[in-house]
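Engineer: Okay, here's the structure, questions in a sec.
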Amino acid sequence: MTDVHGDAAQVNGAEADRSARPSPREMLTMACRAGDQRAWSELIKLYTPVVWSVARSFRLRSADCEDVCQLTWLRVVENIEGLREPAKFVSWLVTITRREAIKFIERSRRHVPVGDYAPFDDWPDDTVSVEDTVVDRWQDPRMLEAFRGLSKHHQALLAMLLHEPALSYDEISAALGIPRGSIGPTRNRILRRLRDRVQERPALVA
C-alpha cells in the first residue's frame, strides 16, 4: 500500500531543502565575504554596469562616474561583512551607489553636465515605438530623473540589459534572481513607465 502522506512529506521536504539552498548570486556574495578574490573579480565585473548606470542617472560625466564606481566598490569591500542577507545584495549596491553619487555632487558643489555616454544608443532595431521614444531621450534630464525614480531592482535590470557585451537572459536571471521568462515583459513595463514619467514633466528650457 502506498504511503501517500509519507510521499507528500518527502516531496515537501525536498522542496523546502531546495528553497533553503542559496542561489548562485548569493553564493557569489558569500564567497566575497569569505575573501575569495576570484569571486570579487566576478562580482565586480557582473554588477559594475548597475553601478555605472545608477551613477550616470545623477548626470555625472564619464570620468566622475568612474570615481563614483571606484568609491562604491570600496564601500562594498569595506562593509560586505555587515550584509546580513546576501539575497539583497543588488538593492544594497544600488543604495550605496546613490549615496556615493550624492556625496560626490555635494563635494563638487556643482551639477555637472551630461557627457558623451548614452547607454541607450545601441538599443536593438526591433524595439517597439514606445521604447524608441525612451531611447532617443536618454540624455534628457527628465529621463535621468525618471530612471532614479525606478525601484532598485528595475534600475539594476535595465542596467544589465544595456550591458556591453550583451548579457544573456540566463545570466541576468541568475544575477538578479528573477525568472528568465519575466525579463522581457518587465523590460517593456519599465520602458513604458519611463516614457510616461518623462511626458508628465515639461521640457526644460535652455
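Engineer: What is the sum of charges, Lys and Arg at +1 and Asp and Glu at -1, for the other residues whose Cβ falls under 13 Å from the Cβ of L43?
Structural biologist: After counting each charged neighbour, the total is +1.
Engineer: Step through the residues of the stretch 80-85 one at a time and calculate ³J(HN,Hα) from phi using the Karplus curve (6.51 cos²θ - 1.76 cosθ + 1.60, θ = phi - 60°), rounding each to whole Hz and writing x for Gly and Pro.
Structural biologist: 5, 5, x, 6, 6, 10
Engineer: Note down the accessible area of E200, probe 1.4 Å, to the nearest 10 Å².
Structural biologist: 140
Engineer: Here is a further query. Once the Cβ-Cβ distance between R193 and A63 is put in as r, and R0 is 35 Å, what FRET efficiency do you end up with, to the nearest 0.05?
Structural biologist: Using R0 = 35 Å, I get an efficiency of 0.70.
Engineer: Which sequence of K152, K88 reflects their accessible areas, 1.4 Å probe, from the largest down?
Structural biologist: K88, K152
The values are calculated or read from the model by the stated rules, or taken from the named source; none is laboratory data. What you see is a predicted model; the values in this text were computed from it and never measured. FYI the Cβ positions are ideal-geometry reconstructions off the backbone, even for glycines, and counts take in every protein chain you see. Areas reflect the complete protein model, heavy atoms only, side chains present, ligands, DNA and RNA absent. Shrake-Rupley method; radii C 1.70, N 1.55, O 1.52, S 1.80 Å.
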